[in-house]
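Have a look at the structure below, then the notes.
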Amino acid sequence: MPGNSFLQNISKGISLNLKRLGSNPYKKINLNWFKIKYYKHLPAGKIKTHVLFGKPLYFTDSIQLVNGLEEIFIEEMYRQELKANPFIIDCGANIGLSVIYMKRLYPNAEMIAFEPDETNFQLLSKNIASFGYSNVDLRKEAIWIENTVLQFSSQGTMTSKIEMKASAGTIDVQAVRLRDLLDREVDFLKIDIEGAEYKVLCDIADRLYQVKNMFLEYHGTFAQNKELTAVFEMISGAGFNYYIKEAATLFDYPFQRVKKSDIEYDVQLNIFCFRV
C-alpha cells in the first residue's frame, strides 16, 4: 500500500482541484473519494464497489475507473451550460460515469445511454439504479449507420468495439441507426464508440443542425488521416466551432513514431463541438 507521502500528495492535489472548481457543486467531494487511487493495485475482472457521492459505484477495471473519475469529475471534460431539462444522447456510456455527471448537473435531463458491451451494460444498469436516476433510457445496443445485427468484440472495458467481420471472441449485438434519433433538438450528443465514429458521423452529417453541443472521441490510424480531415469538414459544415485535446498521448516523439503502448490507433482525439 502507498505510504504517507503518497497520501500527502493526493491531499495536496485535491486541495488544488477544489480551489480551481470554485462554486462548482463537485467541490464537496470528500477526501476519501481520492482513495480510489488505491484501486489501481486491484486485479481487474471481479465486480468491486466504491462510494461516490454517498452511493455505491460498481466497476471491474480499476485503472479505467481511476482515469474516468479524474477526467469526468475532476477535470470535468463534459462541463457545459444547457437548459434546465436538456435532451442528451450518450453513445458509449460504459459504466455510467458520464450519465452520473450529467444527471447531477441537470437532474431534469432526459437521457438515452447506449452501451453494447454486456459487462459494461450490467455495471451501467447497477450504477444508474444505485443513484436512483429516472428519465434515463439504458439501451444495450451499438450505435451504427443502420438498424441491424453486428459483430462486436466484447472486452468488458472501454476498448470494446464493433468488428467488421466475425472472428474468435466476437458476439452478435443489436445496432441502431443514430440518424433516426436526430429527429428533434438534442442539447448534448456524446459519441465515443471506439473507431465507428467516422462512418456514423458521415451518416448523420445533414442532421447535425439538430445538435447544440457535441463531444466526439476520434480513433484512427495514420492511413485514415483523410477521414479525420473529412470529420473536421463535416463538423464545420454543420456550423460547429471546435476545440481539440489529445484523448491519449500515443507518441512521445511523433517524428520517430515509437508508440508508448500497444494501442491499435495512431490518433486519439477529444473533439469538443459547440456553437457561438
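Condition (residue is modelled with pLDDT of 95 or more and assigned to a loop (DSSP other than H, G, I, E, B)) applied to the stretch 240-247: is it met by at least one residue? Within the stretch 240-247, one or more residues are modelled with pLDDT of 95 or more and assigned to a loop (DSSP other than H, G, I, E, B). One residue stands out in the stretch 253-270 among those that are aliphatic (A, V, I, L, M) and open to solvent by 40 Å² or more (accessible area, probe 1.4 Å): the one that is nearest to LEU201 (Cα to Cα), namely ILE263. Please give the number of the condition ALA168 fails out of (1) at pLDDT below 95; (2) touching a Gly at 6+ places or on another chain (Cβ under 6 Å). Every listed condition holds for ALA168 apart from (2). If only residues of the stretch 207-221 that are at pLDDT 95 or above and open to solvent by 10 Å² or more (accessible area, probe 1.4 Å) are counted, the one that is nearest to ASN270 (Cα to Cα) is GLU217.
Within the stretch 103-120, is even one residue in contact with a helix residue (DSSP H, G or I) (Cβ under 8 Å, 6 or more places away or on another chain), basic (Lys, Arg), modelled with pLDDT of 95 or more and open to solvent by less than 40 Å² (accessible area, probe 1.4 Å)? For the stretch 103-120, residues in contact with a helix residue (DSSP H, G or I) (Cβ under 8 Å, 6 or more places away or on another chain), basic (Lys, Arg), modelled with pLDDT of 95 or more and open to solvent by less than 40 Å² (accessible area, probe 1.4 Å): present. When ASP203 is tested against (1) touching a helix residue (DSSP H, G or I) at 6+ places or on another chain (Cβ under 9 Å); (2) among the acidic types (Asp, Glu); (3) under 27 Å from GLY68 (Cα atoms), just one condition goes unmet, and that condition is (3).
A quick yes/no check of all residues on (1) in contact with a strand residue (DSSP E or B) (Cβ under 9 Å, 6 or more places away or on another chain); (2) among the hydroxyl-bearing types (Ser, Thr, Tyr); (3) surrounded by fewer than 11 Cβ atoms within 10 Å (Cβ to Cβ); (4) farther than 16 Å from LEU189 by Cα:
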{"residue": "ALA205", "(1), (2), (3), (4)": "no, no, no, no"}
{"residue": "VAL231", "(1), (2), (3), (4)": "yes, no, no, no"}
{"residue": "TYR243", "(1), (2), (3), (4)": "yes, yes, yes, no"}
{"residue": "ALA248", "(1), (2), (3), (4)": "yes, no, no, yes"}
{"residue": "PHE251", "(1), (2), (3), (4)": "yes, no, no, yes"}
{"residue": "PHE272", "(1), (2), (3), (4)": "yes, no, no, no"}
{"residue": "VAL276", "(1), (2), (3), (4)": "yes, no, yes, yes"}
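Look at GLN174 and say whether it is buried (at least 18 other Cβ atoms within 10 Å of the Cβ) and not in a loop (DSSP other than H, G, I, E, B). Criteria not met by GLN174.
The values are calculated or read from the model by the stated rules, or taken from the named source; none is laboratory data. Bear in mind the structure is a predicted one, so any value in this text is a computation, not a measurement. Neighbour counts are summed over all protein chains in view; Cβ atoms, including those assigned to glycine, are modelled from backbone coordinates with ideal geometry. Surface accessibility is based on the protein's heavy atoms, side chains included, excluding ligands, DNA and RNA. Shrake-Rupley method; radii C 1.70, N 1.55, O 1.52, S 1.80 Å.
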